[in-house]
1. Tell me, yes or no, whether segment 137-155 has at least one residue that is among the β-branched types (Val, Ile, Thr) and more than 29 Å from residue 251 (Cβ to Cβ).
2. Those residues that are out of contact with any Ser or Thr (no Cβ under 9 Å at 6 or more places or on another chain), crowded, with 19+ Cβ neighbours inside 10 Å and touching a residue at least 60 places away in the same chain (Cβ under 8 Å), I need them from segment 120-136; list them, please.
3. Cβ-Cβ below 6 Å, separation at least six or inter-chain, first residue in segment 80-102 and over 14 Å from residue 236 (Cβ atoms), second in a helix (DSSP H, G or I) and of a type in the set (Asp, Glu): which pairs?
4. Could you list all residues from segment 25-81 that are polar (S, T, N, Q) and in a helix (DSSP H, G or I)?
5. Which members of segment 8-42 meet the condition of being of a type in the set (Asp, Glu) and farther than 16 Å from residue 56 by Cα?
6. Can you name the residue in segment 8-23 that is surrounded by fewer than 18 Cβ atoms within 10 Å (Cβ to Cβ) and either in a helix (DSSP H, G or I) or touching a residue at least 24 places away in the same chain (Cβ under 8 Å) (or both) and is also nearest to the chain's Cα centre (by Cα) among such residues?
7. I need the full set of residues from segment 126-185 which are within 26 Å of residue 33 (Cβ to Cβ), part of a helix (DSSP H, G or I) and among the hydroxyl-bearing types (Ser, Thr, Tyr), in order please.
8. Keeping to segment 209-237, report how many residues are touching a helix residue (DSSP H, G or I) at 6+ places or on another chain (Cβ under 9 Å) and among the hydroxyl-bearing types (Ser, Thr, Tyr).
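Each reported figure results from applying straightforward, stated rules to the coordinates on display, with no laboratory input. Being a predicted model, the structure only gives us computed values, none of them experimental. All Cβ positions, even for glycine, are placed from backbone atoms using ideal geometry, and neighbour counts span all protein chains on display.
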Amino acid sequence: MEWSCVRFEVSGALAVLTLNRPGAMNSLNSLMCKEIEDACARCASSGARALVVSGEGRAFCAGGDIKEIGGRLESGEKMEAFLGPDYQAAVAALYETPVPTIAAVKGHAVGGGFDLALACDIRLAGESARFSQIYSQVGLVPDCGGTYLLSRVLGPAKALELILTGEMLDARQAHELGLVRSVFPDEDLMEEALSLGRRLASGATLALSAVKSLMKNPGEFRAALAAEAAAQGVTSRSADFREGLAAFGEKRPPRFQGS
């Protein structure tokens, strides 16, 4: 299968999914989301026993493609209508992949890109990695599972703090919080991720998959996604979001009014 926004390769028992829109910092558009979903399905049927997810170029994933999202909203589409089948479906496919998954993060992983990393079982970071639930800075709420996933990784209090503030974490801070397993020089990151992936792929895959099914709750996660989509339907029609979108395009601080 030919994909234009991702690359998917299997070598032995290890699969590698590379987000491949480097000119757009691997931001998520509808086509990339569909290809991520397809790649996760391919992983499940390929015989691969572990999956490494990375980003081509200087970023892991800069979140949703603001230009595409803005265009869809201007054309009359409602955000809650396309979130589920596009963006949320991609994150859910990764979260529900039965084999162990590793995110190799360098550069920015923000918004939906942060959520993609959180959907993986283990996260490794390059020294350039930066993480943020940036939604509040444009007047939105997390909409790709961030409220659920970040709470499970860091606990509700710290997750809420990071979501409310939109604070940007560097690799060292992320490691101190337990968000990432290890930090490596950027040039060593992928080899370290592949090494860990090969180690997991040589393990007792049936048991590892069973552990994932015991510890993850897909039904609960899907319910959280639906709740986020409903909330985003409200915030995406707010004056604050219009201001946040304008400020983003004009590269200036937003002036929110709380409405």
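1. Checked against the condition, which is being among the β-branched types (Val, Ile, Thr) and more than 29 Å from residue 251 (Cβ to Cβ), segment 137-155 yields at least one hit.
2. Correct list: 126, 129, 134.
3. These pairs meet every condition: 89/37; 90/37; 91/115; 93/37.
4. Within segment 25-81, 30, 45, 46 meet the criteria.
5. 37, 38
6. 22
7. Across segment 126-185, the qualifying residues are 135, 136, 147, 148, 151.
8. 2
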